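Undergrad: Provided herewith is a single structure, encoded as structure tokens, for subsequent inquiry.
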Amino acid sequence: MASLRFISPSVAFEPPIRFKLGLPEEYDDGTVTFDEEHRIFVARRGNTFYAMSATCTHLGCTTRWEEEDGVIFCPCHGSKFTREGKNFAGPAPRPLERLGIAMTEDGRLEVDKDQRFPPERWRESLIEV
């Protein structure tokens, strides 16, 4: 019976690390949009976009955008982050991770979770459309 394990290995599903999103005009100015499938936020200010991981840097819970307060909130232990991803309350030890974002040839936004930017390089994580 043990030999049957090799026929059907137990493999966890991992979503792709590079994926396309919508067109820039589908994101309203001033918004922070949560993409549940990929556990990321896409933020827009004017013609500038950036992407962030929605995974709290404390213990890995999924954060959520609290539009009425203008903060990203972790429901597990109460950490709070600015719309830019900076941690300012709770036990989170560092900001949310900024991710690579670009425009595809067909005019859509594309996020690359393999490309990460520490806070001192956040300026590099912005794209203008």
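Bear in mind these aren't lab numbers, they're just calculated from the coordinates by the rules spelled out. Every value quoted in this text rests on a predicted model; they were computed, and no experiment measured them. Using ideal geometry, Cβ is built from the backbone for each residue, glycine included, and neighbour counts are taken over all protein chains shown.
Undergrad: Multiply the residue gap between CYS76 and ASP112 by 0.36 nm, knock off their C-alpha separation, and tell me the result in nm, one decimal place.
TA: Numbers: separation 36, 0.36 × 36 = 12.96 nm, distance 2.63 nm.
Value of the extension gain: 10.3 nm.
Undergrad: Run the numbers for LYS86 and ARG123: contour at 0.36 nm per residue of separation, minus the present Cα-Cα distance, in nm.
TA: Full extension of this stretch gives 12.0 nm more.
Undergrad: Past the 17 angstrom mark, what percentage of all C-alpha to C-alpha distances in the chain do you count?
TA: Result: 59 percent of Cα pairs exceed 17 Å.
Undergrad: Counting pairs of alpha carbon atoms under 8 Å apart in space and at least six apart in sequence, what relative contact order in percent does the stretch 36-80 give?
TA: Computed value for the stretch 36-80: 23 percent relative contact order.
Undergrad: If R₀ is 30 angstrom, what is the calculated FRET efficiency for the pair ASP28 and ARG94, using the beta carbon separation as r and rounding to 0.05?
TA: Efficiency for this residue pair is about 0.55.
Undergrad: Which of the GluC sites (Glu not before Pro) found in the stretch 19-59 are in a DSSP loop and have at most 14 neighbouring Cβ atoms, other than their own, within 10 Å?
TA: Details: sites: GLU25, GLU26, GLU36, GLU37; in loops: GLU36, GLU37.
Filter output for the stretch 19-59: GLU36, GLU37.
Undergrad: For Cα pairs less than 8 Å apart in space and 6+ apart in sequence, what is the mean separation divided by the residue count of the chain, i.e. the relative contact order in percent?
TA: Contact order relative to length: 23 percent.
Undergrad: By per-residue mean of other Cβ atoms within 10 Å, what is the highest-first order of 90-98, 46-54, 120-128?
TA: 46-54, 90-98, 120-128
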